[in-house]
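A.B. asks: Here it is, the structure in full.
The values are calculated or read from the model by the stated rules, or taken from the named source; none is laboratory data. As the structure is a computational prediction, the values presented were derived from the model and not from experiment. For neighbour counting, all protein chains shown are included, and Cβ atoms are generated from backbone atoms with ideal geometry for every residue, glycine included. To get the accessible areas, we keep the full protein, side chains included, count just its heavy atoms, and leave off ligands, DNA and RNA. Shrake-Rupley method; radii C 1.70, N 1.55, O 1.52, S 1.80 Å.
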Amino acid sequence: TVAEEGELTDLVDVFGRHGRGICQIATGTRITAPMLEDFARRSGRPMFMTSSLTMYNEALPGQAAEILDECQAARDRGHEVHAQITCQPLAFDFTPANAYPFYSHDAFAEIKGAGPEVLKKAFADDGFRDRFRDDLATPKPGTLFFGAWDRVEIVAPAHQSNADLANRTVAEAAADQGVDPVDFFFDLGLEEDLQTAVVARLLNVEEDGVASLLKHPASVIGLSDAGAHLIYMCDAGFGLHFLGHWVRERGDFGLVEGVRRLTSHPADLYRIPDRGRIAPGAWADMLLFDPETVGISPPKRVADLPAGGTRTIRQPSGVAGVWVNGVNVFDGQDYIDLESPPGHVLDHFDA
């Protein structure tokens with residue numbers, strides 16, 4: 001994120017000297033596919049791009065495909081550059097007190113992470129609101145929210161007097177009141193002491209566009225924050241979602257190809273030995289699932305963190321068991337209590 005290019009080059013050159021290693025970079029807008037190709041050329045090692053820029057963005061519909069095409073062109077030249085792709089919409093749970101999806105906008109530059117009194121003063125200011133509207137009208141690369149208020153849903157109003165707003169979008173509620181969505185969002189937040197809970201579907205929403213990215217030869221399914229931003233979102237279970245939605249419901253992938261894209265395909269690209277296949281001598285990591293019911297639940301909020309903190313979880317469906325190294329660790333309902341867990345850290349690679 002902040003390292004100079006020379007520092008990255010020095011790190012990558014270590015791979016080249018030893019002829020081993022894999023590099024995965026959260027690229028942002030500064031590190032491009034051509035730069036990663038140069039790293040791959042210098043080191044002879046595979047490069048993996050992790051970026052929201054490779055998610056389908058309706059405001060910039062050709063952006064992700066262009067990046068993937070650059071990765072494929074590098075591969076055609078013998079330089080391994082791959083782009084991680086998520087198979088789920090990028091959605092964030094948040095409140096006005098911690099409006100993370102808006103932080104990439106200039107209007108929030110001075111107040112992101114600020115305390116409630118600073119935020120309340122800013123949100124009540126017409127000048128701030130106008131600057132935010134201008135940001136939404138002229139989005140920059142790397143921006144998460146482009147003003148699609150019809151995809152920002154009020155999931156839990158903080159005041160009982162606003163209970164009728166639950167499960168409605170900001171766009172709908174603002175239209176009913178005849179006000180601008182920006183004004184509605186901040187007015188409601190101020191009224192509810194910045195505690196209004198909303199969920200925003202930001203990127204990877206238009207599914208035909210997403211399907212073309214998932215099928216791209218330079219893509220590898222595997223982009224997931226899992227628990228990294230657990231107070232905002234939960235990508236855990238993306239594999240089950242892929243099997244349930246993209247294989248069963250939409251039919252973009254057959255069952256065999258869907259399983260391959262989640263198992264042997266990434267294992268091969270990441271050079272993880274003896275994983276991703278059921279074969280003699282390989283580690284017996286297995287998932288038993290029902291193709292007719294496999295999937296994950298919608299996001300659920302639970303208050304099980306220290307001091308009652310909340311997080312987002314996803315629950316599986318259609319899963320009958322999980323085996324790690326041949327040992328049953330999940331029976332379809334719960335984890336199995338084992339004296340000696342069978343897993344171990346992956347500490348060597350065929351790379």
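A.B. asks: Return the tail of the calculated pair distribution for region 90-144, meaning the percent of Cα-Cα pairs more than 18 Å apart.
C.D. replies: Within region 90-144, distances greater than 18 Å cover 29 percent of Cα pairs.
A.B. asks: Note down the nm distance, to one decimal, between modelled labels 7 Å out along Cα→Cβ at ALA282 and at LYS112.
C.D. replies: Label-label distance for ALA282 and LYS112, simple model: 4.2 nm.
A.B. asks: Additional query: Enter the Cα centre distance for the pair region 254-289 and region 16-68, rounded to the nearest angstrom.
C.D. replies: Answer, in whole Å: 24.
A.B. asks: Among all stretches of the chain without exposed GluC sites (Glu not before Pro) (DSSP loop, at most 13 other Cβ atoms within 10 Å), which one is longest?
C.D. replies: 111-205
A.B. asks: So what's the net charge close to PRO266: Lys and Arg +1, Asp and Glu -1, counting the other residues with Cβ under 13 Å from its Cβ?
C.D. replies: Computed value for this residue: +3.
A.B. asks: Name the long-range amide H neighbours of VAL329: under 5 Å, sequence gap of 5 or more, or other chain; modelled H, no Pro or chain starts.
C.D. replies: VAL322, TRP323, VAL324
A.B. asks: Principal axes first, then extents: for the Cα atoms of region 250-295, list largest minus smallest coordinate on each axis, whole Å, largest first.
C.D. replies: Principal extents (largest minus smallest coordinate, Cα): 32, 21, 15 Å.
A.B. asks: Just to confirm the filter: which chymotrypsin sites (Phe, Trp or Tyr not before Pro) across region 259-351 are DSSP coil and have at most 14 other Cβ within 10 angstrom of their Cβ? Please report the intermediate quantities before stating the final value.
C.D. replies: Working: sites: TYR270, TRP283, PHE289, TRP323, PHE330, TYR335, PHE349; in loops: TYR270, TRP283, PHE349.
Taking region 259-351 and a limit of 14 other Cβ atoms within 10 Å, the loop chymotrypsin sites (Phe, Trp or Tyr not before Pro) found are PHE349.
A.B. asks: What is the percent carbon and sulfur in the accessible area of region 40-134, measuring with a 1.4 Å probe over the protein chains and ignoring ligands? Don't jump to the answer; show the numbers that get you there.
C.D. replies: Values: 1940 of 4020 Å².
Of the solvent-accessible surface of region 40-134, carbon and sulfur hold 48 percent.
A.B. asks: If the viscosity is 1.306 mPa s and the temperature 10 °C, what Stokes-Einstein diffusion coefficient in µm²/s follows for the chain when Rh is the Kirkwood radius over Cα pairs?
C.D. replies: Diffusion coefficient, whole number: 71 µm²/s.
A.B. asks: Through the Karplus equation 6.51 cos²θ - 1.76 cosθ + 1.60, θ set to phi - 60°, convert the phi angles of region 326-331 into ³J(HN,Hα) values in whole Hz; use x for Gly and Pro.
C.D. replies: x, 10, 6, 10, 9, 9
A.B. asks: Which far-off residues, 5 or more places away or on another chain, put their amide H under 5 Å from the one on THR169, with H placed in the peptide plane?
C.D. replies: Those lying under 5 Å, H to H, from THR169 are ILE154.
A.B. asks: If you don't mind, another one. Using amide H atoms built 1.01 Å from N in the peptide plane, name the residues 5+ places from LEU202, or on other chains, whose amide H lies under 5 Å from its own.
C.D. replies: The list, which skips near neighbours in sequence, is LEU90, ALA91, PHE92.
A.B. asks: Need one number: nm distance between label points at THR138 and ASP274, each 7 Å from Cα along Cα→Cβ, rounded to one decimal.
C.D. replies: 5.9 nm
A.B. asks: Within a Cβ distance under 10 Å of GLY318, other residues only, what is the Lys/Arg minus Asp/Glu net charge?
C.D. replies: Working: positive: ARG248; negative: ASP290, GLU292.
Computed value for this residue: -1.
A.B. asks: Out of region 13-96, which chymotrypsin sites (Phe, Trp or Tyr not before Pro) are coil in DSSP terms and have no more than 11 other C-beta atoms within 10 Å?
C.D. replies: On the way: sites: PHE15, PHE39, PHE48, TYR56, PHE92, PHE94; in loops: TYR56.
Nothing satisfies the criteria.
A.B. asks: Then there is this: Short version: ³J(HN,Hα) in whole Hz for each residue of region 99-113, in order, from phi by Karplus 6.51 cos²θ - 1.76 cosθ + 1.60 (θ = phi - 60°), x for Gly and Pro, what are they?
C.D. replies: Computed from phi, the couplings for region 99-113 are 7, 3, x, 8, 5, 6, 8, 4, 4, 9, 4, 8, 10, 5, x Hz.
A.B. asks: What Rg and what Dmax come out for region 1-154 when only alpha-carbon atoms are used, in angstroms?
C.D. replies: 19.0, 58
A.B. asks: With Kirkwood's inverse mean 1/r over C-alpha pairs for Rh, give me the Rg to Rh ratio of region 32-113, two decimals please.
C.D. replies: Across region 32-113, the Cα-based Rg/Rh ratio is 1.11.
A.B. asks: Distances over 28 Å make up what percent of all Cα-Cα pairs in region 208-351?
C.D. replies: The share of Cα pairs beyond 28 Å in region 208-351 comes to 24 percent.
A.B. asks: When N counts the residues of region 98-190, how does its alpha-carbon radius of gyration compare numerically with 2.2 N^0.38 Å, as a ratio?
C.D. replies: Details: Rg = 13.1 Å, N = 93, 2.2 N^0.38 = 12.3 Å.
Compactness ratio reported: 1.07.
A.B. asks: Which ³J(HN,Hα) values in Hz, rounded to whole numbers, follow from the phi angles of region 62-67 under the Karplus curve 6.51 cos²θ - 1.76 cosθ + 1.60, where θ = phi - 60° and Gly and Pro get x?
C.D. replies: Calculated HN-Hα couplings, in order: x, 4, 5, 4, 5, 5 Hz.
A.B. asks: Determine, at each q value in 0.19, 0.28 (inverse angstroms), the log₁₀ of I(q)/I(0) that the Debye formula gives when each Cα of region 198-259 is one equal point scatterer.
C.D. replies: Debye curve over Cα of region 198-259, log10 I(q)/I(0) at q = 0.19, 0.28 Å⁻¹: -0.82, -1.36.
A.B. asks: Express the accessible area of the chain per residue in Å², computed with a 1.4 Å probe while the remaining protein chains stay in the model.
C.D. replies: Per residue, the chain has 50 Å² of solvent-accessible surface.
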